[in-house]
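**Q** Sending over a structure as structure tokens; questions will come in a sec.
The values are calculated or read from the model by the stated rules, or taken from the named source; none is laboratory data. All of these numbers come straight from a predicted model, not from anything done at the bench. Note: ideal-geometry Cβ built from the backbone for every residue, glycine included; neighbour counts use all protein chains shown. Accessible surface is based on the protein model in full, side chains and every heavy atom, while ligands, DNA and RNA are left aside. Shrake-Rupley method; radii C 1.70, N 1.55, O 1.52, S 1.80 Å.
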Amino acid sequence: MASHGLDYDGCNFFRQRLVLSTLSGKRVKIRNIRSKDDNPGLRDFEASFIRLLDKVTNGSRIEINQTGAVLFYQPGLLYGGSIEHDCNLQRSIGYYLEALLMLAPFMKNPLKATLRGITNDPTDPTVDRLKSTVLPLMKKFGIEGEGFDLKVMKRGMAPGGGGEVVFTCPVRKTIRPVQLTDSGKIKRIRGVAYSVRVSPQMGNRIVESARGVLNQFIPDIYIHTDHMKGANSGKSPGFGLTLVAETLEGCFLSAEMSSTPQGQGDPVLPEDLGRNCAKLLLEEVYRGGCVDSSNQSLALLLMTLGQQDVSKLLLGPLSPYTIEFLRHIRDFFQIMFKIEVRKPLEDERKGGDKVLMTCVGVGYSNLNKSLK
Amino acid sequence: RKLEEEKDVTGAVAELPVFADSEDDLEMSEEEGDAGRAADSGHCSEEDEDEEESADEEMDDDDDDDDDDLSKEEEEGALRWKDRLQQKASEAFLRQQEAMPNLRKLVYGSEEEDGEDVDEELGGLFRVNRPQKSRRFQANALDCSHFNPDSSHNWDLEEMLDSIKDCFVTGKWEEDQD
């Protein structure tokens, strides 16, 4: 099996497969990519993702057939270094960054990636959300130090884009196992209400309505408004809100909402957006756990790759994406998690069911990293 | 008629606490009591019971004498089926809640179950193309990590807001923490 690599069907979970293939060194073949579609084969954003993968690795072999419906990928070594990439505008930078975050600690050289494109759109996690939740999460796994940062240089809303972020990450030889079984109580809520190419007043209107919902729970709320102008404001107008709840144990739960891209669907009022985003945060709090729903897969990956020791992590309900990720982890690393349901007690008012994930890491060691 | 029935019922209720004169009476009253208890769903109020009884009587009056017993049985069967419906439902719900969903099986369950592609060939030339219905996921759906919120949660309701109160530092604390 291993010598022949792994076979998959369809373009769903495209990033998971390629990322896990790169980390495990196993070849992967994906067939039937939109084979029954009117317009079969890989889309531009997927091609752009492959190009990004090619930039951070050395010696990868990628073969795509003529229709683009079959992809063969033989991973090379993760090289890292300084790269620049123009992300395709069909998906936002978050799409590319999610995968890059999984790969970055295992490079040969520390990564400095400059990504250009859409920073905020409604489909993918925005760079603001990744910045405020993923970085603290990765620090728990021992990935930290100087030059671990995600900077938003320019903001670019969908569909025009024009944004730019710089992501820098140090390399690690091994990943520290974690024991995160208690998320602690939420002590404060922070947020960013951003607006570009619209009235700066939009930000204030969003903040006002979001506070209205959240103030009944906790007084410590600070949502700052971020209005970028001129060359830093990208090519399309838009606004949005990212909310992050921080617990006493240093866990972060986040929710976000962006305005609908110009010319696609009904426009939203900033008041509605603020209120709905606040409700999304409440939903996230209800789900609970030590990691919010969009970062579950990253946390589970780092647990899998940890030293040969037991890692425990309390999560909210598993998202469909995470469930598929667990199956892929089994395919690539032969690791199966122990999954226990934690029911809330009778008189507890702490939201819904939680899931305790336990595994023993594979003891992954970063052979790419040069010895100094 | 209605007045009469009501009088009857109230009469029966009033009679109950009184000691019976003979054994026959005692038996009668016991039987009556049993029937009453069986019909009682434990949730419905006294008024409902009365209504049921009156309906019972009405049916009896309408029916012929021959199939009287049968219809009564049927009626009772129907009633028994309806009995404690709410209680049964709540019990079933609790049982389901108690039975821990085997997540491991859900996640890592055998992949074989979703069907071998049995492509039926028509005349050795055409193939019947069936939509992938039993797949666990859409093979060509959008690759996105977004987790849609549970639409049954209405965060305008007080009880929903109440259900997460203790997640915040302002909520109730456990004994051992401070």
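Residue by residue, here is whether (1) more than 16 Å from residue A:362 (Cβ to Cβ); (2) in contact with a Leu (Cβ under 6 Å, 6 or more places away or on another chain); (3) not assigned by TED's automatic domain parsing to the domain that holds residue A:247 holds:
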{"residue": "A:276", "(1), (2), (3)": "yes, no, no"}
{"residue": "A:280", "(1), (2), (3)": "yes, no, no"}
{"residue": "A:293", "(1), (2), (3)": "yes, no, yes"}
{"residue": "A:297", "(1), (2), (3)": "yes, no, yes"}
{"residue": "A:314", "(1), (2), (3)": "yes, yes, yes"}
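**Q** Restricting attention to segment A:84-117, which residues are within 17 Å of residue A:45 (Cβ to Cβ) and among the aromatic types (Phe, Trp, Tyr)?
**A** A:95, A:96 - these are the residues of segment A:84-117 that are within 17 Å of residue A:45 (Cβ to Cβ) and among the aromatic types (Phe, Trp, Tyr).
**Q** Which of the residues belonging to segment A:324-362 are within 8 Å of chain B (Cβ to nearest Cβ), in contact (Cβ under 8 Å) with a residue 24 or more places away in the chain and more than 19 Å from residue A:294 (Cβ to Cβ)?
**A** A:350
**Q** May I pose another question? Name the single residue that is nearest to the other protein chains (Cβ to nearest Cβ) among those in segment A:229-264 being aliphatic (A, V, I, L, M) and either surrounded by fewer than 17 Cβ atoms within 10 Å (Cβ to Cβ) or farther than 29 Å from residue A:186 by Cβ (or both).
**A** To start, the set of residues in segment A:229-264 that are aliphatic (A, V, I, L, M) comprises A:231, A:241, A:243-245, A:248, A:253, A:255, A:257.
Now restrict to residues that are either surrounded by fewer than 17 Cβ atoms within 10 Å (Cβ to Cβ) or farther than 29 Å from residue A:186 by Cβ (or both): A:231, A:248.
Details: A:231: 30, A:248: 7 Å.
Out of the qualifying residues, it is A:248.
**Q** Looking at residue A:88 and the list (1) in contact with a Phe, Trp or Tyr (Cβ under 8 Å, 6 or more places away or on another chain); (2) open to solvent by 10 Å² or more (accessible area, probe 1.4 Å); (3) within 11 Å of chain B (Cβ to nearest Cβ), which single condition is not satisfied?
**A** Only one criterion is unmet by residue A:88, namely (3).
**Q** If you don't mind, there's one more thing I want to ask. State the number of residues belonging to segment A:265-324 that are charged (D, E, K, R), open to solvent by less than 10 Å² (accessible area, probe 1.4 Å) and part of a strand (DSSP E or B).
**A** Matching residues across segment A:265-324 total 0.
**Q** Here's something else I'd like to know. With respect to residue A:188, determine if the residue is among the basic types (Lys, Arg) and crowded, with 20+ Cβ neighbours inside 10 Å. Step through it out loud before you land on a result.
**A** Working: among the basic types (Lys, Arg): yes; crowded, with 20+ Cβ neighbours inside 10 Å: no.
Considered against the rule, which asks whether it is among the basic types (Lys, Arg) and crowded, with 20+ Cβ neighbours inside 10 Å, residue A:188 comes out as no.
**Q** Check whether at least one residue in segment A:54-66 is buried (at least 18 other Cβ atoms within 10 Å of the Cβ), closer than 25 Å to residue A:365 by Cα and in contact (Cβ under 8 Å) with a residue 40 or more places away in the chain, and report yes or no.
**A** yes
**Q** Residue check, residue B:178 against (1) open to solvent by 90 Å² or more (accessible area, probe 1.4 Å); (2) at pLDDT 65 or above; (3) under 30 Å from residue A:250 (Cα atoms), all met but one. Which one?
**A** The one condition residue B:178 does not meet is (2).
So that you can scan it fast, the table gives a plain yes or no per residue for (1) basic (Lys, Arg); (2) touching a helix residue (DSSP H, G or I) at 6+ places or on another chain (Cβ under 7 Å):
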site: A:181; (1), (2): no, no
site: A:188; (1), (2): yes, no
site: A:198; (1), (2): no, no
site: A:202; (1), (2): no, yes
site: A:206; (1), (2): no, yes
site: A:219; (1), (2): no, no
site: A:225; (1), (2): no, yes
site: A:229; (1), (2): yes, no
site: A:245; (1), (2): no, yes
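**Q** Of the conditions (1) under 15 Å from the mean Cα position of the chain (by Cα); (2) under 27 Å from residue B:148 (Cβ atoms); (3) open to solvent by 40 Å² or more (accessible area, probe 1.4 Å), residue A:149 clears all except one; give me its number.
**A** (2)
**Q** Can you tell which of A:216, A:201 is open to solvent by 40 Å² or more (accessible area, probe 1.4 Å) and over 30 Å from residue A:342 (Cβ atoms)?
**A** Numbers: A:216 fails: over 30 Å from residue A:342 (Cβ atoms).
After applying the criteria, what remains is A:201.
**Q** Next question. Return the residues of segment A:139-162 that are outside any loop (DSSP other than H, G, I, E, B) and within 26 Å of residue A:291 (Cβ to Cβ); say none if nothing qualifies. Reasoning before the result, please.
**A** Just the residues of segment A:139-162 that are outside any loop (DSSP other than H, G, I, E, B), to begin with: A:139-140, A:149-154, A:157.
Selection gives A:139, A:140, A:149, A:150, A:151, A:152.
**Q** Also, quick follow-up: Only one of A:154, A:139 is away from chain B (no Cβ under 14 Å) and without any contact (Cβ under 8 Å) to a residue 12 or more places away in the chain. Can you tell me which?
**A** A:139
**Q** For the list (1) surrounded by 20 or more Cβ atoms within 10 Å (Cβ to Cβ); (2) touching a residue at least 24 places away in the same chain (Cβ under 8 Å); (3) in contact with a strand residue (DSSP E or B) (Cβ under 8 Å, 6 or more places away or on another chain); (4) under 26 Å from residue A:226 (Cβ atoms), I need the number of the one condition that residue A:124 fails.
**A** (3)
**Q** In segment A:118-143, what residues are within 10 Å of residue A:169 (Cβ to Cβ) and not hydrophobic (A, V, I, L, M, F, W, C)? Walk me through it before giving the result.
**A** Of all residues in segment A:118-143, those within 10 Å of residue A:169 (Cβ to Cβ) come to A:135, A:138, A:143.
Answer for segment A:118-143, where residues must be within 10 Å of residue A:169 (Cβ to Cβ) and not hydrophobic (A, V, I, L, M, F, W, C): there is none.
**Q** Next question, about the same structure. Looking at (1) modelled with pLDDT of 95 or more; (2) part of a strand (DSSP E or B), which is the only condition residue A:224 fails?
**A** Unmet condition: (1).
**Q** Being closer than 15 Å to residue A:192 by Cβ and either assigned to a loop (DSSP other than H, G, I, E, B) or under 16 Å from the mean Cα position of the chain (by Cα) (or both) is the filter here; which residues of segment A:244-257 pass it?
**A** Looking only at segment A:244-257, we keep the residues that are closer than 15 Å to residue A:192 by Cβ, and these are A:244-246, A:252, A:254-257.
The answer is A:244, A:252, A:254, A:255, A:256, A:257.
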